[in-house]
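So the structure is just underneath, and the comments pick up after that.
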Amino acid sequence: MDDAPPDMPDTADAPPLGLDGPEDRAGYTVLARKYRPSRFEDLIGQEAMVKTLTNAFASGRIAHAYMLTGVRGVGKTTTARLIARALNYKTSDVDKPSIVLDPPGEHCAAIQKSAHVDILEMDAASRTGVGDIREILEGVRYAPVSARYKVYVIDEVHMLSTSAFNALLKTLEEPPPHVKFIFATTEIRKVPVTVLSRCQRFDLKRVDRDELAAHLKGIAGKEGATIEGDALALIARAAEGSVRDALSLLDQAIVQGSDSAAPVTALQVRDMLGLADRARVLDLLEAALSGDHAKALAEIADLYDAGADPAVVTRDCLDFVHAITRVKVVGEGADLAEAKETVARLAGIAEGLSLAQLTRLFKILLTGLDDVRQAPEPLSAAEMTLLRLSSAASLPSPEDAARMIAEGMAGKEPAPAPKPDAPSGAEPDAPASQHRDDPLQSRRETPPEPVVAETEPVAPDEVVEGPKSFDQLMALLERKRDIRLKSDVERFVRPVSYKPGSIVYEPVDHAPPDLAQRLSRALSDWTGATWAVLPSKDSRGGETWAERRKRERRELFEVTRRDPAVAEVLKHFPDAELVDVRSASEDDEAVSDDEDQKRERS
């Protein structure tokens, strides 16, 4: 029995191995690669850079090194390849560097594919060492094989090590005439200044939303897709100025409408991006600013159930508060990239809020956004942020509060105080003429009604005249020997405004929360008048008393050192140090204090 398999005819089809496929089985090319600019004219949003390069190439002032910086997806690598093509542009009619790359030159196709032998592209993120740079330096000596220039393109150059940068410096400063360098980075601050100073720098800016949306519309038309304008605006907004990010999102959006002939709607794109309806977010913000806590919490819960991210909702509220502030400052003509109906609603909200309130609301949302991103339960953090926002919206600004208190004090009639018991030996009913020339006595008889601090009737021998300046206030605290209050005022109070009866200050970090109440109560007790003491974190104050004393002390030391007599002493005694400076009046006060203490002990 023959177990050998039967002979197969030569004409039989061999089983497919899957190694070779037809040409039409090539993978899909994403839009970001398919529509990569092939000419400088195709770059969008970078007109300033293109104009500079055009003038430089036309005049022959071509730099030996270029530094391209900008956020992701704005065209740094694409621009580097275009510059490499421009440096080596050659056709049958043109044989010199040229910004005009139409028609394509002899080397253009190979450079675009990163396959040209004289154009070396290196990713510094994966090749960061000095050994990688030595490879470049060894190749710099040799002339290009076929192109006009040997071009080194180093992407993410900020990732190079310090030793690699140092190895590159000398060659970068004086390269051979046939070598050009093009660097690209997203972190320009991490590039040493010694490298930056040797390069011609171009900052590629974020692409404007309207321009990016128009670009997306053109590409969608070329792809045979129909997308609503509002949907394209959402994509442009989510891309944050990055063309690559926008094209990647457009790829996703086109798929959303592939199962029907209807255009892709803004609702579909919003669901794809996980965004909340901006109209509903504005309803949420209006509810919070109007103090309707229940409606605000119900609205954010509905948005969350619909799939909205609490961090995105908070970010949208932050954007709206910023837009409201711009409307408040500029008017309804502010460029907000919003619909007219939305701008009208924002203008209506702006009418009921002051600029100080809006800046405070923006700060609350900015802090709340960090809380939402870091919280274990983002929805809870977003709800607490809305409640803080709602509470702050109903509060007046510190300046308005101080003015309201001052106006309330001015509008109140002084209430008569109960007459104190007459001291022994005094006349029971002294004539009014005896007190007419005594302002202190007049102050005792009719003290104003307290507004901020409730005080007991003040004894006549304890009432003092209210301090008319911050210096007098500190002197009063010194006389009253309230050590704790004096120390807190010295260290934590930055005066913003001061007038008798009203003090506004900026509290230093870690200031006692009850400092304003304690100071107000003490001043009311000592002077028999009402004092409004208001802390304001939204205002900028001056130096604290402690900082002022340190500064004056330093200035006194400097003046003393420049004194001819002191300078002469320090000259003869080089190891001597100026330890303390005291005036004669301070010495007299010190002697007087010592004598007082001796008398008290005796």
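One table, with the values for the structure above:
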item: Verdict on Arg360 being more than 24 Å from Glu240 (Cα to Cα), part of a helix (DSSP H, G or I) and not assigned by TED's automatic domain parsing to the domain that holds Lys537; result: yes
item: Extreme residue, surrounded by the most Cβ atoms within 10 Å (Cβ to Cβ), among residues of segment 522-532 that are out of contact with any Lys or Arg (no Cβ under 9 Å at 6 or more places or on another chain) and closer than 15 Å to Asp482 by Cβ; result: Leu523
item: Exclusive hit being of a type in the set (A, V, I, L, M, F, W, C), out of contact with any Cys (no Cβ under 7 Å at 6 or more places or on another chain), in a loop (DSSP other than H, G, I, E, B) and surrounded by fewer than 20 Cβ atoms within 10 Å (Cβ to Cβ), set Leu353, Leu366, Leu318; result: Leu353
item: Residue in segment 473-484 that is in a helix (DSSP H, G or I), at pLDDT below 80 and of a type in the set (Lys, Arg) present; result: no
item: Scope segment 378-389; condition over 23 Å from the mean Cα position of the chain (by Cα) and under 11 Å from Ile364 (Cβ atoms); matching residues; result: Leu387
item: Helices (runs of 4 or more DSSP H) wholly inside segment 30-126 that include at least 1 residues being over 21 Å from Arg244 (Cβ atoms) and not acidic (Asp, Glu); result: 47-59, 76-87, 108-112
item: Of the criteria (1) at pLDDT 85 or above; (2) not assigned by TED's automatic domain parsing to the domain that holds Phe362, which one Ala294 fails; result: (2)
item: Scan of segment 492-516 for residues that are at pLDDT 85 or above, surrounded by fewer than 20 Cβ atoms within 10 Å (Cβ to Cβ) and charged (D, E, K, R), ordered by number; result: Arg494
item: Qualifying residues in segment 551-587 (those that are surrounded by fewer than 10 Cβ atoms within 10 Å (Cβ to Cβ), farther than 27 Å from Arg491 by Cα and not basic (Lys, Arg)) - the one modelled with the highest pLDDT; result: Pro564
item: Matching residues in segment 173-182 - criterion: being buried (at least 20 other Cβ atoms within 10 Å of the Cβ) and of a type outside the set (Val, Ile, Thr); result: Lys180, Phe181
item: Which numbered condition Ala124 fails, given (1) at pLDDT 90 or above; (2) surrounded by 14 or more Cβ atoms within 10 Å (Cβ to Cβ); result: (1)
item: Residue among Leu249, Leu234, Leu212 that alone is in contact with a Leu (Cβ under 7 Å, 6 or more places away or on another chain), of a type outside the set (D, E, K, R) and in contact (Cβ under 8 Å) with a residue 12 or more places away in the chain; result: Leu234
item: Qualifying residue in segment 221-238 (condition: over 24 Å from Ala323 (Cβ atoms), at pLDDT 85 or above and in contact with an Asp or Glu (Cβ under 8 Å, 6 or more places away or on another chain)); result: no
item: Filtered residues of segment 44-80 (kept if touching a helix residue (DSSP H, G or I) at 6+ places or on another chain (Cβ under 6 Å) and either within 16 Å of Asp102 (Cβ to Cβ) or free of Cβ contacts under 8 Å to residues at least 24 places away in the same chain (or both)); result: Val50
item: Members of segment 507-553 found to be assigned to a strand (DSSP E or B) and either among the hydrophobic types (A, V, I, L, M, F, W, C) or under 25 Å from Glu465 (Cα atoms) (or both), listed by number; result: Ala532, Val533, Leu534, Pro535
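The values are calculated or read from the model by the stated rules, or taken from the named source; none is laboratory data. Note that this is a predicted model, so its numbers are computed, not measured. No Cβ is skipped: glycine too gets one built from the backbone with ideal geometry, and neighbour counts run over all protein chains shown.
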